[in-house]
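To keep things clear, I will list the structure first and then write my remarks on it.
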Amino acid sequence: MNEQIKIRKATKEDWERIYHLYNSLSDEDLYLRFFHLYRITEEDAKKIASNEDHVTFLAEVDGKVVGEASLHKDGEFSLVVDRNYRTLGIGTLLVKTLIEEARKSGLSTIKFYTLPENTPMIKIGRKLGFKLRFYEDEVYGEMKLTEKELNVNIATSSAP
């Protein structure tokens with residue numbers, strides 16, 4: 001696949017594309033994203049696209065939304081990538097974009113929670129230098145956004 005990956009901020013008009021992305025995910029993907037099986041509604045997709053209490057970025061390949069990442073005001077983020085576009089570095093690019101957005105917003109920490117079986121998210125966390133804590137039923141990843149640490153993390157973790 002030699003498609004160009006484009007990362008951009010979501011707009012309210014993107015809700016249908018976000019809805020389509022989430023509806024293309026398998027039950028397992030949704031379980032890993034929400035910690036239980038949940039299919040989003042049109043209202044959920046509109047909320048994701050709204051950027052009201054968070055900021056959402058989309059990954060597009062040939063105009064198709066293949067990834068979504070949202071950063072909340074408390075520094076917590078979520079990420080989803082279409083199964084057919086994984087291992088191309090899209091998740092990593094989205095998380096790097098969120099790290100930069102968090103820094104611009106003045107956040108001191110960016111963090112995520114995932115399930116122990118979500119190895120792609122754990123790999124992204126390790127690659128980008130998140131401190132990971134493993135518990136029986138979840139994994140917590142955290143990155144302090146001091147200027148020095150941020151520069152080291154971004155410089156040492158280039159996407160493919």
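The values are calculated or read from the model by the stated rules, or taken from the named source; none is laboratory data. Since this is a predicted model, take the numbers as computed values, not measurements. FYI the Cβ positions are ideal-geometry reconstructions off the backbone, even for glycines, and counts take in every protein chain you see. In case anyone asks, the SASA skips ligands and DNA or RNA and just uses the protein heavy atoms, side chains included. Shrake-Rupley method; radii C 1.70, N 1.55, O 1.52, S 1.80 Å.
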### Query
Per residue, how much accessible area does the chain show when a 1.4 Å probe rolls over the protein heavy atoms, in square angstrom?
54 Å²
### Query
Farthest toward the dipole's positive end in region 1-78, which of Leu25, His36, Asn51, given Cβ charges of +1 (Lys, Arg) and -1 (Asp, Glu) about the Cα centre?
Asn51
### Query
What does the highest-first list of 88-100, 131-143, 23-35 look like by mean Cβ count within 10 Å?
88-100, 23-35, 131-143
### Summary
Looking only at lysines whose Cα falls under 16 Å of Lys6's and that sit 8 or more positions away or on another chain, we get Lys64, Lys96
### Query
Among all helices in the chain defined by DSSP H, which have a length of 15 Å or more along the axis from Cα atoms plus a Kyte-Doolittle mean of at least 1.0?
none
### Query
Of the accessible area of the chain, with the probe set at 1.4 angstrom, what percent is carbon plus sulfur?
49 percent
### Note, ³J(HN,Hα) from phi for region 108-118, Karplus 6.51, -1.76, 1.60, rounded to Hz, x at Gly and Pro
8, 9, 10, 8, 8, 10, 8, 8, x, 7, 8
## Note on the structure
By the Cα gyration tensor axes a ≥ b ≥ c (a/c under 1.5 gives rounded; else a/b larger than b/c gives prolate, otherwise oblate), the shape of region 45-126 is oblate
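If a/c stays under 1.5 just call it rounded; otherwise compare a/b with b/c (prolate if a/b is bigger, oblate if not). Do that for the chain, with a ≥ b ≥ c from the square roots of the Cα gyration tensor eigenvalues. If you can, show how the numbers build up before the last one.
Numbers: a/c = 1.38, a/b = 1.26, b/c = 1.09.
Since a/c stays below 1.5, the shape of the chain is classed as rounded.
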### Query
Which order do Arg126, Arg39, Arg8 take by accessible area at a 1.4 Å probe, largest first?
Arg126, Arg39, Arg8
